[in-house]
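To start, the structure under review is shown below, and the notes come after it.
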């Protein structure tokens with residue numbers, strides 16, 4: 001077995017601003033604390049979290065404008081000199097960090113959070129609503145004009161890594177579909193311990209949590225619980241908040257300023273966590289499982305890897321409030337074992353991530 005600590009390692013990531021992908025980078029940093037982390041942009045908060053190992057270039061000075069700078073980002077990552085490293089681990093989702101070029105003797109392992117959404121699976125959705133406010137018409141036109149060459153570039157760049165890792169079975173299928181490549185599934189690291197240690201006071205009502213944006217589909221939970229008169233707590237904020245409040249009946253309550261401890265307690269005290277969107281993985285549902293709470297999820301995306309009907313939760317088949325209502329009407333939280341659900345969450349823990357990745361790296365190096 002190779003001593004990984006003796007390898008000269010570099011990490012690349014699209015950008016460091018916050019989210020599930022950054023949690024992967026944080027654990028890569030814990031595994032390889034001396035490795036520099038090359039990225040197109042980083043907040044001060046993430047520089048500190050990563051012990052000032054972050055390396056940025058001239059793109060850092062463009063702030064929010066960096067979102068529009070696809071071609072400059074491509075150029076920057078492709079021109080990084082990584083020839084001195086034995087191992088390069090790229091972490092990429094909707095960016096270009098996997099496009100780095102490495103020496104022939106360097107092992108390049110890519111952790112893929114998703115093939116780029118706006119080139120592939122979610123292209124039509126991004127054309128309808130790019131998410132850039134007043135700049136939407138410009139972004140929409142650029143996407144239409146550049147789609148073909150950017151897809152060709154993205155496909156070519158995806159062939160550069162020696163080994164590809166998918167963060168879920170859903171993404172593994174997308175990598176095969178869009179990049180013609182096989183990959184190994186290694187689930188992202190979820191900090192399950194604080195949730196497992198939170199005691200349930202009494203389980204009552206249902207919970208949705210997260211940034212309130214259209215693609216998360218929290219509106220389905222609000223509509224279903226309103227129509228059935230079931231208690232629902234909606235935790236979080238975002239541009240959908242006013243729409244959710246308008247649709248909510250008296251059984252629905254909101255908390256837009258919950259602390260981390262509040263979130264853990266909400267999860268531990270809920271009959272079930274409702275997950276209505278299609279996510280590449282979805283960390284919040286696994287956190288709910290770590291609190292012993294079953295998950296009711298739309299049957300798609302990353303949820304297919306952690307929702308086991310009758311054991312850790314249930315699926316609703318159609319992405320509609322009517323389909324969710326049918327499941328909620330028949331749902332009995334007493335049929336689920338909180339301790340069993342907590343044990344199931346261990347598969348997605350930080351400890352599991354470290355061990356699985358170490359095993360893969362050792363195998364790839366051998």
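For residue 269, the requirement of being touching a strand residue (DSSP E or B) at 6+ places or on another chain (Cβ under 6 Å) and surrounded by fewer than 23 Cβ atoms within 10 Å (Cβ to Cβ) is not met. Using the structure shown, decide if residue 223 is part of a helix (DSSP H, G or I) and touching a helix residue (DSSP H, G or I) at 6+ places or on another chain (Cβ under 6 Å). It is true that residue 223 is part of a helix (DSSP H, G or I) and touching a helix residue (DSSP H, G or I) at 6+ places or on another chain (Cβ under 6 Å). One residue stands out in the stretch 192-209 among those that are touching a strand residue (DSSP E or B) at 6+ places or on another chain (Cβ under 8 Å) and assigned to a loop (DSSP other than H, G, I, E, B): the one that is farthest from residue 243 (Cα to Cα), namely 192.
If the condition is being surrounded by 15 or more Cβ atoms within 10 Å (Cβ to Cβ) and either in contact with a strand residue (DSSP E or B) (Cβ under 8 Å, 6 or more places away or on another chain) or assigned to a loop (DSSP other than H, G, I, E, B) (or both), then the stretch 9-22 contributes 9, 10, 11, 12, 13, 14, 15, 16, 21, 22.
Right, residue 139: more than 22 Å from residue 165 (Cα to Cα), surrounded by 15 or more Cβ atoms within 10 Å (Cβ to Cβ) and at pLDDT 80 or above or not? Lay out the reasoning, then the answer.
Numbers: more than 22 Å from residue 165 (Cα to Cα): yes; surrounded by 15 or more Cβ atoms within 10 Å (Cβ to Cβ): yes; at pLDDT 80 or above: no.
No, not satisfied.
Just one of the listed residues (150, 146) is surrounded by fewer than 15 Cβ atoms within 10 Å (Cβ to Cβ) and at pLDDT below 90, and it is 146.
Restricting to the stretch 76-120, name every residue that is surrounded by fewer than 18 Cβ atoms within 10 Å (Cβ to Cβ) and in a helix (DSSP H, G or I). Scanning the stretch 76-120 gives a single hit, 78.
Of all residues being closer than 29 Å to residue 150 by Cβ and in contact with a strand residue (DSSP E or B) (Cβ under 8 Å, 6 or more places away or on another chain) in the stretch 51-68, which is surrounded by the most Cβ atoms within 10 Å (Cβ to Cβ)? Just the residue, please.
Kept after step one, since they are closer than 29 Å to residue 150 by Cβ, are these residues of the stretch 51-68: 54-68.
Applying the additional criterion that residues be in contact with a strand residue (DSSP E or B) (Cβ under 8 Å, 6 or more places away or on another chain) yields 54-56, 60.
Numbers: 54: 24, 55: 15, 56: 17, 60: 15.
Step by step, filter the stretch 51-68, then rank; the result is 54.
Scanning the stretch 162-186 for residues that are within 27 Å of residue 234 (Cβ to Cβ) and touching a strand residue (DSSP E or B) at 6+ places or on another chain (Cβ under 9 Å) turns up 167, 168.
Based on what the data block shows, is residue 71 over 25 Å from residue 359 (Cα atoms), surrounded by 18 or more Cβ atoms within 10 Å (Cβ to Cβ), out of contact with any strand residue (DSSP E or B) (no Cβ under 6 Å at 6 or more places or on another chain) and at pLDDT below 95? First the steps, then the outcome.
Numbers: over 25 Å from residue 359 (Cα atoms): yes; surrounded by 18 or more Cβ atoms within 10 Å (Cβ to Cβ): no; out of contact with any strand residue (DSSP E or B) (no Cβ under 6 Å at 6 or more places or on another chain): yes; at pLDDT below 95: yes.
Here the answer is no, as residue 71 does not meet what is asked.
Just need a number here: residues in the stretch 243-257 that are in a helix (DSSP H, G or I) and either more than 25 Å from the chain's Cα centre (by Cα) or modelled with pLDDT of 95 or more (or both). Residues flagged as in a helix (DSSP H, G or I) and either more than 25 Å from the chain's Cα centre (by Cα) or modelled with pLDDT of 95 or more (or both) within the stretch 243-257 amount to 4.
Pairs meeting the criteria (first residue in the stretch 16-30 and without any contact (Cβ under 8 Å) to a residue 40 or more places away in the chain and assigned by TED's automatic domain parsing to the domain that holds residue 40, second residue in a helix (DSSP H, G or I) and surrounded by fewer than 23 Cβ atoms within 10 Å (Cβ to Cβ), beta carbons under 6 Å, at least 6 apart or on different chains) are 16/22; 16/46. Hey, can you tell me all the residues within the stretch 76-92 that are free of Cβ contacts under 8 Å to residues at least 40 places away in the same chain and closer than 15 Å to residue 15 by Cβ? Once the filter is applied, which keeps residues that are free of Cβ contacts under 8 Å to residues at least 40 places away in the same chain and closer than 15 Å to residue 15 by Cβ, the stretch 76-92 yields only 76.
Is it the case that the stretch 31-45 has a residue that's under 21 Å from the mean Cα position of the chain (by Cα), in a helix (DSSP H, G or I) and buried (at least 16 other Cβ atoms within 10 Å of the Cβ)?
yes
Only one residue in 277, 292, 301 is on the phi > 0 side of the Ramachandran plot and surrounded by fewer than 23 Cβ atoms within 10 Å (Cβ to Cβ), so which one is that?
Values: 277 fails: on the phi > 0 side of the Ramachandran plot; 292 fails: surrounded by fewer than 23 Cβ atoms within 10 Å (Cβ to Cβ).
Every option except 301 fails the conditions.
Among 274, 324, 361, which is in the same structural domain as residue 164 (by TED's automatic domain parsing) and in contact with a strand residue (DSSP E or B) (Cβ under 8 Å, 6 or more places away or on another chain)? Can you show your working first?
Numbers: 274 fails: in the same structural domain as residue 164 (by TED's automatic domain parsing); 324 fails: in the same structural domain as residue 164 (by TED's automatic domain parsing).
Just one listed residue meets the conditions, 361.
Can you confirm whether the stretch 172-181 contains a residue that is part of a loop (DSSP other than H, G, I, E, B) and either surrounded by 23 or more Cβ atoms within 10 Å (Cβ to Cβ) or assigned by TED's automatic domain parsing to the domain that holds residue 233 (or both)? No, there is no match, as no residue in the stretch 172-181 is part of a loop (DSSP other than H, G, I, E, B) and either surrounded by 23 or more Cβ atoms within 10 Å (Cβ to Cβ) or assigned by TED's automatic domain parsing to the domain that holds residue 233 (or both). The residues of the stretch 226-247 that are surrounded by fewer than 19 Cβ atoms within 10 Å (Cβ to Cβ), touching a helix residue (DSSP H, G or I) at 6+ places or on another chain (Cβ under 9 Å) and in contact (Cβ under 8 Å) with a residue 12 or more places away in the chain, listed by number, are 226, 227, 228, 231, 238, 239, 243, 247.
The values are calculated or read from the model by the stated rules, or taken from the named source; none is laboratory data. Owing to the predicted nature of the structure, the values given are computational and were not obtained by experimental measurement. Counting neighbours? That spans all protein chains shown, and the Cβs are built from the backbone with ideal geometry, glycine included.
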